[in-house]
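Below: the structure, in structure tokens.
Every number here is computed from the coordinates shown, using simple stated rules; none is lab data. Since the structure is predicted, the reported quantities are computational estimates derived from the model, not experimental observations. Here Cβ is always computed from backbone atoms with ideal geometry, including for glycine, and neighbour counts include all displayed protein chains.
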Number of protein chains: 2
Amino acid sequence: MNESDDTPHLTIEQIGRRAGVSRSTVSRVLNGQRDVRADVRARVEAVIQETGYHPNPAARALVSKRSGLIGLVMLSEVDELFGDPYYSALVNGIQQGCAENDLIFAIFPASSPDGHSDALTPQIAQRFVDGVIVTAVPQSAHVIAALRARRKHMVVVGHPDDDAPVTRVDVENREGSAVAVTHLIRHGRQRVGFVGPTVEYRFGVDRFDGYRDALAAAELPEDGLVHLDQPTTEGGYRATIALLAAHPDAVYAATDTMAEGVYRALTEHGRRIPDDVAVVGFDGLPRGPRLDPVLTTIVQPVVEVGRTAVGLLASGDGVRDPVVLPTVLRVGRSCGANHPPAGENEAHEL
Amino acid sequence: MNESDDTPHLTIEQIGRRAGVSRSTVSRVLNGQRDVRADVRARVEAVIQETGYHPNPAARALVSKRSGLIGLVMLSEVDELFGDPYYSALVNGIQQGCAENDLIFAIFPASSPDGHSDALTPQIAQRFVDGVIVTAVPQSAHVIAALRARRKHMVVVGHPDDDAPVTRVDVENREGSAVAVTHLIRHGRQRVGFVGPTVEYRFGVDRFDGYRDALAAAELPEDGLVHLDQPTTEGGYRATIALLAAHPDAVYAATDTMAEGVYRALTEHGRRIPDDVAVVGFDGLPRGPRLDPVLTTIVQPVVEVGRTAVGLLASGDGVRDPVVLPTVLRVGRSCGANHPPAGENEAHEL
DNA sequence: TTGAAAGCGCTAACAT
DNA sequence: ATGTTAGCGCTTTCAA
């Protein structure tokens, strides 16, 4: 129960009575309709104020078919994600978006604990929720499919593998990558290695495409310079070891986490950063790895992604065009560009 | 809106029609009442099954006065907490509890962004929520007060400063501390230092009391051995530096995070762990610091705390007796007890 | 054991 | 500009 039972809650009817108007007028005031005379409105508002009245959300939800609740679908144990700097920032953005839109932010496990046939937890399935946010990772494909099958309102963060229509929010993975690699090339690097995740990660593919774009534009080779592994520090380490045979003078790591592995591998093999090998990463997350020398990286606006996703959920129903947010190059020490071209070293607030 | 408008949802009435019974009977089946003939029940359940019907939660909430929604009040930016191993585990437990009780888990910022006079965010104030969980930290005092004033159903995790009646879940801070310190004493340590948080942290006070209990029981002195600072690695470091003057042969750190600082201070000052100075901590969190040598620590069941808090919220309304969960000593290498007394080195599953 | 009917508190036609 | 009325989909007496 919400509160102790000895606090009978006021209803819109009673507010009306106290203000000497009908319940409809109170409703109009409540919902900001303007066809209410100013003095009447004031009177009603005064009563609302002094009584501390709040309309019953369940009644509202019943008639309006909106609960004011949106959810994030968690694909793994909640506390795994809590450690992840990406989710940490994303959740922060979602929370901000909810506050801005006066929505309640709920967390849903992806599947019911009892291993239901349906991939969805009863809470989502039972449609109390106005809409959900799902991140596009390999494991989420079936959840997205299930949500679509049930015609749930959803926004996908990132880029799902299948190209079925969904409203989604993404960042300029490809463009950002191209900027990163171009930056290296412009500062004299000729053999830029790519260390990125294996192909099931769509963002990795997009970032790889940006890498190719930049190499192609500079007419540089990529022979033996591309090495894929898990998007972890360990993966970055292994990929870099493999890459060394190709004698890179720079490494573009598709994630900062992988860049951490790149650092370790380079250091262990006696390569100085950036003197022998320059490094640029991607992500720039607030809680991401702190490397020495400071990593030059492409900053993606994850918090903004979260807020945008909520905004999309709050603003309507159908499938909308993807929203793709810009990334920014943040120049540190690892790229060897101590005097970066003007305008390149300013990271926006994210 | 919940779903695309072209999916008109089934109502209990329609289910009744299809099953050839009244809506009341369907409701009885739905709510597991037993005065329904077995074959009728089966028929209704079959229809529910094949139609994939779910009762409308808003309608249910309206009449039952329960939303099935519980919330965690977040006292700082969401993403600060995400980094915190304590919250990480707590949220994990809350999530588990919600899944078990078929509740939706929402996250609420403590105060409305627009700096309302009221300390509560509108969502909570507007009572959509069946109950909330608040952690007892210094900043939460006014939130707890505000919730109490509004007669919200709440469970406090930890121990608030004021002794106003609340339902709360806590762990055996005092008893656990006593076990930790007794363990050190039993293994020959005579000068056990206390490194803990300053007195505004109630759990710190409780843990200090346990320390005193153990010293008193062994008739050992505490002169110059108690040093308080912020409950951070840095605080643990500073407190230890101060402590060194008292020539401790062991340090009991009231949190593992502080223990991390203890390690650093001891190491920097040439003390070997555990040979010169033994160390025992408190928390044992899944994502807590990993120290070398492995820290002996008092493990508190934070996940269980979260689940219990939800259980309390789900099970009733009034103020209940505090639930205090047991802690367990987990013996590592830092206490110098390589052959721990039987039964002491088994940490339960948490 | 089952059905009919009232009503939870609100919004939104529809009147006036 | 304001009031009246009819539901939203459910649970729950109350009758049968």
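Just a few scattered comments:
- Shape call, chain A: gyration tensor on alpha carbons, a/c limit 1.5: prolate
- Cα centre as origin, Lys/Arg/Asp/Glu Cβ charges: the protein assembly as shown dipole, Debye: 2200
- Think of each Lys and Arg Cβ as +1 and each Asp and Glu Cβ as -1; about the Cα centre, that makes the dipole of chain A roughly 1220 debye.
- The local environment of B:Ser22, defined by Cβ-Cβ distances under 10 Å, has a net charge of +2 under the rule Lys, Arg +1 and Asp, Glu -1.
- Whether the protein assembly as shown is rounded, prolate or oblate, judged on the alpha carbon gyration tensor where a/c under 1.5 counts as rounded: oblate
- Simple rule: put +1 on each Lys or Arg Cβ and -1 on each Asp or Glu Cβ in segment B:173-301, find the dipole, and look at B:Pro289, B:Thr198, B:Thr257; the Cα lying farthest toward the positive end is B:Pro289.
- Taking a ≥ b ≥ c as the square roots of the Cα gyration tensor eigenvalues, segment B:173-301 comes out rounded, since a/c falls below 1.5.
- Per residue of B:282-292, other chain Cβ atoms within 10 Å of the residue Cβ number 1 on average.
- Signed unit charges on C-beta, dipole axis of the protein assembly as shown, positive-most listed residue A:Pro301, A:Leu266, A:Val169: A:Val169
- Hits among lysines - C-alpha to C-alpha of A:Lys65 under 23 Å, sequence gap 8 or more where chains match: A:Lys152, B:Lys65
- Every helix of 4 or more DSSP H residues in chain B counts as -39500 (n - 2.57), and over all residues that averages to -12500 deg cm²/dmol at 222 nm.
- Distance between the pseudo-spin-label points of B:Ser315 and A:Asp39 (7 Å out from Cα toward the beta carbon): 5.8 nm.
- Relative contact order computed over chain B (Cα-Cα under 8 Å; 6+ residues apart), in percent: 16
- Test item: A:60-72 mean partner chain Cβ contacts at 10 Å: 5
- Shielding by partners - mean other protein chain Cβ count within 10 Å, residues of B:73-83: 5
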